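Beneath this line is the structure, given in structure tokens, with notes to follow.
Laboratory data are not the source of any read-out in this text; all were calculated from the coordinates shown. Here the structure is a predicted model, which means the values were calculated and not measured. No Cβ is skipped: glycine too gets one built from the backbone with ideal geometry, and neighbour counts run over all protein chains shown.
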Amino acid sequence: MAEAEGERQTLGGVDAFVARAKAFCERVGNATVSAISEVGLGAWLLFQVLFWIVMGRGRAQPVRIPATFERAMEVGIRALPIVTMMSVTVGMMLAIQGIYSLRIFGAEDQVTIGVAFSVAREFGPLITGILVAGRTGSSLAARIGTMRISQEIDALQVMGIDPIRFIVAPALIAMTIMVPLLTFWADVIMLAGAGWYVSMELGMSMGAYVDQIRELLRPTDVMHGIWKSLLFGVEITLVGVINGANVQGGAEGVGRMTTRSVVLSISAIIVTDMIFAFITTR
Amino acid sequence: MAEPARKQDDETQRPEGETGDGPVIEVHKLVTHYGERKILSDVDLKVKQGEVLVIMGGSGSGKSTLLNTLLGLLRPTSGTVRILGQDLHAITDLERTHLRQKMGVAFQGGALFSSMSVLENIMLPLREHTQLDIHTMRIMARLKLQVVNLSGFEDLMPAELSGGMIKRAAFARAVVMDPRILFCDEPSAGLDPVVASAIDELILNLREAMGMSIVVVTHELESAFRIADRICVLDKGKILIIGTVEEVKNCDNERVQNLLNRRTEEEILDPEEYLRRLTAAHD
């Protein structure tokens, strides 16, 4: 103790700065390396899932359809109430803000343009993605983390059951199917919510609103959002699985990694969203 | 399609330990590291057909690491683990999957899947590795539940079971494929003496009824002496002695005797020094 104290005192200002800078670089380096290795792990997981989907049956170890169906129920059907509620709210919010800002130009009746594009291209997939990340991504991380701690993953392995085939593949398949479907549902509900407010506020008939939407929205706009949501689904699953698999240190570890998985998957969704929009609109 | 191919495979290259009286497990010069730390050094071990081998040691002796390496969950730094004649860490994933169907494991905490009922847990290996229809699987799982004295609890969830019942269910799941080797991690840990003794009885019965080789990792002396044919004492990653119960009891190695007599190897403090440490009055 005393020696260390002495050593610390002999370090001059410059030395201390160099030491701190070195420690900082080390931290940044380590974080970068672990981030890159996590991305690599994600790619490997994706590859493994594809492998089991294609090769599983030949090896008499197929990805189980009932398990996938069960996951799909959990990811999709049971998320319907919350997605519906949030979609109505966001749709109305968009109509309110749209009418408010367009009133400056006296162009309130043009609100449909803004609502239609922003819902189909942005808000539908984004809000769905964030809700799914909070609901399913977190539960996936917590489930896998808890299974790891209670040695259930080990048990699967020693039984000759590949955990990726048994747990990850059904989850990933369910997400790639259900997140786009949920997004489409969210699109419809958001547009309906906005339409309801617009018809109330501007006295526009619901029929006229729907006609306007159908005239404005091309399939490519809707598909832009749907494709994006498919990416979100994959990202949420991979982030959840990787964080769950990295759980260490009991209940606290599960909590920490669950939080991390939600924060990371929402960040990933937002960044992907921007990149996807940038690439596809050029 | 894969089924006939697998059978042919088995017959053409049936490894030695598979049929003969050779050892079912053969560990040779096993070294394992955890990060920089060496956990196991030069462990040599053989498990014979039909015997109960108990791996004993205190906390941190490396017995869990040894078990995990035997199960193929941990890769050794060097050395080999041959199970039923096959090198566990050198074979392909597919071969390992087949090999693992001949191994059963009862984990310390049971490791039952919390989302499945007891019966579903026990049926899982059958479901994944056999083409049996659901009724046959149910019957087989029920039979195994009878073997472990857990009939009537099929439909309960793991969370509704007591500690002893979880252990029994874990045993039922471990033996549902009629494995050649059964591994048990701390079978009597956390159980009261009566239940623990019943679990010991169960292990002996399983060996009797199914003729399997059993590897038990434990630190409970009483249980070890009761069930073991041979005991392997592990300390700081090295094997101190492997021998019959008598041989181990009569061994004159000081560390073995310390373990058997529950003597601590930590320095014994005189009361004054102890008081000084408690009050943190250094020097």
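State the antiparallel share, in %, of DSSP beta bridges confined to the protein assembly as shown, rounding to the nearest 5.
55
Please work out the C-alpha center-to-center distance from segment B:134-169 to segment A:197-271 and express it in whole Å.
The distance from the Cα centre of segment B:134-169 to that of segment A:197-271 comes to 42 Å.
Where nothing but the Cβ of Lys and Arg (+1) and of Asp and Glu (-1) is charged, how large is the charge dipole of segment B:113-178 around its Cα centre, in debye to the nearest 20?
Details: 7 positive and 7 negative charges, 39 e Å.
Approximately 180 debye in magnitude.
So what is the relative contact order for chain B, in percent, with contacts set as C-alpha pairs under 8 Å and at least six apart?
22
May I ask you to list, by number, the DSSP H helices of chain A whose Cα span along the axis is at least 18 Å and whose average Kyte-Doolittle hydropathy reaches -1.0 or more? The partial results should precede the final answer.
Values: long enough: A:13-55 (62 Å, 1.06); A:80-102 (32 Å, 1.60); A:169-202 (49 Å, 1.47); A:219-245 (39 Å, 0.90); A:250-280 (44 Å, 1.15).
Result, helices passing both filters: A:13-55, A:80-102, A:169-202, A:219-245, A:250-280.
Which residue, chosen from A:Gly124, B:Gly109, B:Phe171, occupies the Cα position most advanced towards the positive end of the dipole of the protein assembly as shown, where the dipole is computed from +1 (Lys, Arg) and -1 (Asp, Glu) charges on Cβ about the Cα centre?
So the residue we want is A:Gly124.
Is there a pair in B:Lys38/B:Lys102; B:Lys102/B:Lys144; B:Lys63/B:Lys238; B:Lys48/B:Lys144 whose C-alpha atoms are over 20 Å apart, and which pairs would that be? All intermediate terms of the calculation are to be shown ahead of the outcome.
Values: B:Lys38/B:Lys102 30 Å; B:Lys102/B:Lys144 16 Å; B:Lys63/B:Lys238 10 Å; B:Lys48/B:Lys144 25 Å.
Correct reply: B:Lys38/B:Lys102; B:Lys48/B:Lys144.
Give, rounded to the nearest 20 debye, the magnitude of the charge dipole that segment A:63-280 has about its Cα centre when Lys and Arg contribute +1 at Cβ and Asp and Glu contribute -1 at Cβ. Can you show the working numbers first?
Working: 14 positive and 16 negative charges, 95 e Å.
For segment A:63-280, the charge dipole is close to 460 debye.
Assuming a viscosity of 1.567 mPa s and a temperature of 4 °C, what translational diffusion coefficient in µm² per second does Stokes-Einstein assign to chain A, Rh being the Kirkwood radius over Cα pairs? Could you put the intermediate results ahead of the total?
On the way: Rh = 21.6 Å.
This corresponds to a translational diffusion coefficient of 60 µm²/s.
What is the average number of partner chain Cβ atoms found within 10 Å of a Cβ in A:148-155? Each step should come with its number before you reach the end.
Details: counts 0, 1, 9, 9, 9, 2, 7, 14.
The per-residue average across the peptide is 6.
May I ask what percent, to the nearest 5, of DSSP beta bridges between residues of chain B are antiparallel? Walk me through the intermediate numbers first.
Working: 21 of 39 bridges.
Around 55 percent antiparallel, to the nearest 5.
What is the Cα centroid distance between segment B:212-226 and segment B:92-114, reported in whole angstrom?
Measuring centre to centre over Cα atoms gives 20 Å.
Order B:107-116, A:116-125, A:236-245 from most to least packed using the mean count of other Cβ atoms within 10 Å. Each step should come with its number before you reach the end.
Working: B:107-116: 20.0, A:116-125: 24.0, A:236-245: 27.0.
Ranking the peptides B:107-116, A:116-125, A:236-245 by packing returns A:236-245, A:116-125, B:107-116.
Which one, A:Gly106, A:Gly98, A:Gly129, has the greatest fluctuation when you compute a Gaussian network model over chain A with C-alpha springs under 10 angstrom?
A:Gly106
With charges only on Cβ, +1 for K and R and -1 for D and E, what is the dipole size of segment A:58-123 about its Cα centre, in debye, rounded to 20? Before the final figure, lay out each step's value.
Details: 6 positive and 5 negative charges, 83 e Å.
Dipole size: approximately 400 debye.
Taking beta carbons within 10 Å but only from partner chains, what does the mean come to for residues B:108-115?
Mean number of neighbouring Cβ atoms from other chains: 5.
Stick to Cα atoms and the Kirkwood definition of Rh, then tell me Rg/Rh for the protein assembly as shown.
On the way: Rg = 30.3 Å, Rh = 27.9 Å.
Computed over Cα atoms, the ratio is 1.09.
So between B:Asn258 and B:Met116, what do we pick up on full extension, going 0.36 nm a residue minus the alpha carbon distance? Before the final figure, lay out the partial values.
Working: separation 142, 0.36 × 142 = 51.12 nm, distance 4.34 nm.
Length gained, B:Asn258 through B:Met116: 46.8 nm.
Based on other C-beta atoms within 10 Å, arrange A:Met257, B:Met157 from fewest to most.
Values: A:Met257 26, B:Met157 15.
Sorted ascending by nearby Cβ count, the order is B:Met157, A:Met257.
Over the alpha-carbon set of segment A:102-223, divide Rg by the Kirkwood Rh and report the Rg/Rh ratio to two decimals.
Working: Rg = 21.3 Å, Rh = 17.3 Å.
Value, to two decimals: 1.23.
So how far apart, in nm, are the two label points at B:Glu272 and A:Leu46 if each is 7 Å from Cα heading toward Cβ?
Reported label-point gap for B:Glu272 and A:Leu46 is 7.1 nm.
Find which of A:Ala19, B:Val47, A:Ile167 sits farthest along the positive direction of the dipole of the protein assembly as shown, computed with +1 on the beta-carbon of Lys and Arg, -1 on that of Asp and Glu, about the Cα centre.
A:Ile167
Can you tell which of B:Tyr274, A:Ile177, A:Ser34 lies farthest toward the positive end of the dipole of the protein assembly as shown, using +1 and -1 charges on the Cβ of basic and acidic side chains (Lys, Arg; Asp, Glu)?
Result: A:Ile177, furthest along the dipole toward the positive end.
Taking each residue in B:91-98, count the Cβ atoms of any other chain within 10 Å of its Cβ, then average. What number comes out?
Working: counts 0, 0, 3, 3, 0, 2, 8, 1.
Per-residue shielding by partner chains comes out at 2.
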